[in-house]
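Each reported figure results from applying straightforward, stated rules to the coordinates on display, with no laboratory input. Values in this document were obtained by computation on a predicted structure and should not be read as measured data. Ideal geometry is used to build each Cβ from the backbone, glycine not excepted, and the neighbour counts take in all protein chains shown.
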Amino acid sequence: MVEYLKLGDDPHLVAYVCDACGACYFDRRNACAACGAREFSTGRLANTGSVRTFTIVHRAARGVPAPYVSAVVDLDGGGRVKSNIINIEPTPVNVSLGMRVRLATYVTATDDDGNEAVAFGYEPEAA
Amino acid sequence: MSNQDPVWILGTSMTKFGRYTDKDLIDLAAEASLGALDDGGTTMADMDVLAAGCLYEANGGVGQHLQKQLGQTGIPVYNVANACATGATAVRTVMMAIKSGEAQMGLAVGVEQMGKMGMLGADRAARSDRQVFERKGRFGSVVGVEGRLGTNMMPGVFAQAGMEYAYENDGVGFEQFAKVAQKNHEHSTLNPLAQYRKAFTLDEVMSSEVIAYPNTLLMCCPTGDGSAAVVLVSDEKLKTLPREQQRRAVKVSASVLTSDPWTEGCQVQPDVNTLTRNAADAAYEASGVDPADLDLVELHDCFATAELRHYDNLRLCEPGGAGEWIDKGGPWRDGEIPVNVSGGLLSKGHPIGATGVANLFEVATHVRGEAGDRQVPDTKVGLAHVIGLGSSCGVHILERSGL
């Protein structure tokens, strides 16, 4: 569903990495916000990490099923990503700060031609 | 004048915040502006510059529409929009005109009419026409990311900002965040200008509807309508005015605006901390005021989770100690440094463009000793803080005249 999620047998995230300073971005940049350099390479990010912060959204945007858990995950080896914590009951007892998680994918929508949009989230590593 | 000379608040006013069905945006701005002009003993004819802050009508020429109600004197008008720091940016615009020597006096007004907008940052309704996936935008996304790749809506973003603080520090959790809302709702009962004036127990705060855990309904600010204004004057001009105007003038000891410097985290989640710390530190340095000297703080409590972090960001508590500080009552109106005695955004309300001027009104009114029932005794110096996501942060330090 986003270009920085690479699918196939080994789903993973990629980032634009600044050639000069190593700053990571998920979206296309004209120049690096950290150092101003203009050349970027693509780098693979780890599929595992720990929950840095989360919220459990009960009153969601129109059309979005709720409740769900939104979180920011510190990825092992660097990089920080925002997504949902999935495959758990969305209650405070099931999510904790620092919890170990791993990337998981699922079909989130299908268009009128039958194309599937695949999203990613993070599920507890222990599960 | 030298640009080292202070700029002063000569007059200030605000409307009650709330929902006005019988007044339009310009009515509200005119009410606050005329109030500030009267309070300062001035008229539009004295103003050399006008800055009008409004977010939702940013392309509507609010300043010029307002002149048609106040007086079209041909002065330069700046229409300002800068997220939730819009009002503070309008004030700084007038301030810079005075500091540059282009103006001796100016009017800054912030106004917003939001009505019942519902939650800000909510996605628009889904399209009903035929849908075929196609990559769009800088993320190359084929479907909306809201709710799929986390949340970008305000209650959740600020909930995550608070929970990150809980991750980094001990003694912070749902109860500490809820105590912020309990305090601000309690404070608002003394403020006749507040949108809501109802006290709630801690249990009521914690058991109200969860919007984005840990923020419950009573821990989220409302949308609303309102306006606030200040008349600013140069040091040189103030000293030519009658004694009583000089006595009531409030010194702007620091006026700082920052945006967020690059941090790793701010690429996926707005960083509301670094730019607030930078603004506060610059304001303390410019004014020579130490956080411990503050008698009063009005800070940007758009959500209860945000206020707790800002105790630390503004250096009101020990580093990492915001949870402990609220537990011991530090920010209550009878505590170490009263925070949001107006009721804050949570209860006084948050008509976006007005907010960054209204907090100057509040601090100035206490510094003058004119805050009535909610007066914090013997207030000499106070700080006003706003932050808009994106991000933009304004910090002002105000001091008693001494003239």
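Just a few scattered comments:
- Full-stretch length increase - A:LEU97, A:ARG28 - with 0.36 nm per residue and alpha-carbon distance subtracted: 21.8 nm
- Dipole-positive endmost among B:GLY288, B:ALA81, B:SER207 within chain B (Cβ charges, Cα centre): B:ALA81
- In this structure, the residue pairs whose Cα-Cα separation is over 19 Å, taken from B:LYS237/B:LYS380; B:LYS183/B:LYS380; B:LYS183/B:LYS328, are B:LYS237/B:LYS380; B:LYS183/B:LYS380.
- The alpha-carbon of B:LYS239 sits under 19 angstrom from the alpha-carbons of these aspartates and glutamates, leaving out residues fewer than 8 places away in its chain: B:ASP5, B:ASP38, B:ASP39, B:ASP46, B:ASP48, B:GLU102, B:GLU399.
- Mean separation of Cα contacts under 8 Å (6+ apart) over length of region A:1-45, as relative contact order %: 38 percent
- Cross-link check: pairs A:LYS6/A:LYS82; B:LYS16/B:LYS116; B:LYS68/B:LYS348; B:LYS68/B:LYS116; B:LYS23/B:LYS348; B:LYS116/B:LYS198 evaluated at a Cα-Cα cut-off of 21 Å; pairs beyond the cut-off: B:LYS68/B:LYS348; B:LYS68/B:LYS116.
- Along its first, second and third principal axes, ordered by size, region A:46-127 spans 40, 28, 22 Å in Cα coordinates.
- Judged by a Cβ-Cβ distance under 4.7 Å, the unpaired cysteines of the protein assembly as shown are A:CYS24, B:CYS54, B:CYS84, B:CYS220, B:CYS221, B:CYS266, B:CYS302, B:CYS317, B:CYS393.
- Going by neighbour counts of Cβ atoms within 10 Å, the residues B:ILE352, B:ILE26, A:ILE86 line up, fewest first, as A:ILE86, B:ILE26, B:ILE352.
- Acute angle (nearest 10 degrees) that the helix B:86-99 long axis makes with the longest principal axis of chain B, alpha-carbon atoms: 30 degrees
- Counted charge near B:LYS23, where neighbours are those whose Cβ lies closer than 12 Å (Asp, Glu -1; Lys, Arg +1): -3
- Residue with peak Gaussian network fluctuation, chain B [Cα springs, cutoff 10 Å], from B:ALA32, B:ALA358, B:ALA45: B:ALA45
- When both region B:139-186 and region A:18-35 are represented by their alpha-carbon centers, they are found 26 Å apart.
- Among B:GLY137, B:GLY101, B:GLY330: highest mean-square fluctuation, GNM of chain B, C-alpha pairs under 10 Å: B:GLY137
- Tensor-based shape of region B:1-142 (alpha-carbon gyration tensor, a/c under 1.5 rounded, otherwise prolate or oblate): prolate
- Rounded tilt (10° steps) of B:274-287 against the dominant C-alpha axis of chain B: 20 degrees
- Its Cα centre serving as origin, region A:46-127 has a Cβ charge dipole (Lys and Arg +1, Asp and Glu -1) of approximately 460 debye.
- The fewest-to-most ranking of B:CYS266, A:CYS21 by surrounding Cβ atoms within 10 Å reads A:CYS21, B:CYS266.
- Debye, to nearest 20: dipole size of region A:1-45, +1 on Lys, Arg Cβ, -1 on Asp, Glu Cβ: 140 debye
- Range of Cα positions in region A:1-45 per principal axis (Å), largest first: 35, 16, 12
- Distance cut-off 45 Å, percentage of C-alpha pairs in the protein assembly as shown lying past it: 17 percent
- Burial ordering of B:LEU389, B:LEU217, B:LEU149, fewest other beta-carbon atoms within 10 Å first: B:LEU217, B:LEU389, B:LEU149
- Average Cα contact separation per residue, chain B, under 8 Å, 6 or more apart, as relative contact order %: 26 percent
- Selection from B:TRP325, A:PHE120, B:THR15 lying farthest towards where the dipole of the protein assembly as shown points positive, charges on Cβ: B:THR15
- Cα long-axis angle, helix B:352-367 against chain B (0 to 90 degrees, to the nearest 10): 50 degrees
- Inter-part distance where region B:325-403 and region B:231-303 are each reduced to a Cα centre, Å: 11 Å
- Region A:46-127 - share of DSSP beta bridges that are antiparallel (%, nearest 5): 95 percent
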